Amino acid sequence: MKRTSRQRRAAQAGKIRIIGGHWRGTRLDVADVAGLRPSSDRVRETLFNWLQADIRGARCLDLFAGSGALGLEAASRGAAQVVMIERDTRALANLRASVQRLDASQVEVVADDALAWLARPPTCAFDLVFIDPPFASGLMQTVLDRLGPWLAPAAQVYVEFGVESALPELAGFTPRRDGHTRETRFHLLHRTMGLSGRNAPVTLEPHSGVGTTSTT
């Protein structure tokens, strides 16, 4: 029997789609966890278009990994290493199943609280960090304040937050690109700490409507 469009959407509920790279088109299950909100296809496609010259060979950190939408997309597109941090047991089981299914040897899933993990002595320096906590958690600023020791000198940091969330303030970063939908704002930041004249605090400005901008 041919399915209606509503039936097809219902059948695909609880899944994400890898948009590009080696696993392009692969659908992965999303755990039924309160507050878990994978970045949309549209937002991820925009982000990885921005990163297309930088992702191959990069060392990536996916804090609040959740569904793995960002970390697995990075791995699919050629990241050399992806560390995904997640504390929810159901989300963890789902992430590990996805990594095993994809035979993604470059991906490490870590069972831990993101803030507790960041408080430990750094074991490596990451080129790219994804920060997309639950919108109601209020953790964005705290995470950004603790992130510095884990970053490579020219690291990029992606932040995604709700349109009603408080805007984070940063030191040692400059906005590179930004976008927005009706529900979210997302920014790609470039680390500039230590570069002459470019380490003053930065405040991300609010946006309205839908679209993207670039400062490069």
Given axes a ≥ b ≥ c from the Cα gyration tensor, I'd like to know whether the stretch 19-139 is rounded (a/c under 1.5), prolate (a/b larger than b/c) or oblate.
rounded
Before anything else, pin down the relative contact order of the stretch 119-191: Cα pairs under 8 Å, at least 6 apart, normalised by residue count, whole percent.
32 percent
In nm, to one decimal, how far is the modelled label at Val163 from the one at Lys15, with both set 7 Å along Cα→Cβ?
2.9 nm
So how far apart, in nm, are the two label points at Ala80 and Ala116 if each is 7 Å from Cα heading toward Cβ?
3.1 nm
Rounded, prolate or oblate: which one fits the stretch 65-133, using the alpha carbon gyration tensor with axes a ≥ b ≥ c (rounded when a/c is under 1.5, else prolate when a/b beats b/c, else oblate)?
oblate
Given labels modelled 7 Å from the Cα in the Cβ direction, how far is it in nm from Asp145 to Arg90?
3.2 nm
I'd like the FRET efficiency for Gln52 and Arg101, computed as 1/(1 + (r/R0)^6) with the beta carbon distance as r and R0 of 30 Å, rounded to 0.05.
0.75
Please identify the GluC sites (Glu not before Pro) of the stretch 70-174 that satisfy two criteria: DSSP loop assignment and at most 16 other Cβ atoms within 10 Å. Which are they?
Glu164
Considering only protein heavy atoms and a probe of 1.4 Å, how much of the accessible area of the stretch 99-155 is carbon and sulfur, as a whole percent?
53 percent
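The values are calculated or read from the model by the stated rules, or taken from the named source; none is laboratory data. For clarity, every value in this text was computed on a predicted model and none was experimentally measured. For neighbour counting, all protein chains shown are included, and Cβ atoms are generated from backbone atoms with ideal geometry for every residue, glycine included. Note: areas computed on protein heavy atoms with side chains; ligands, DNA, RNA excluded. Shrake-Rupley method; radii C 1.70, N 1.55, O 1.52, S 1.80 Å.
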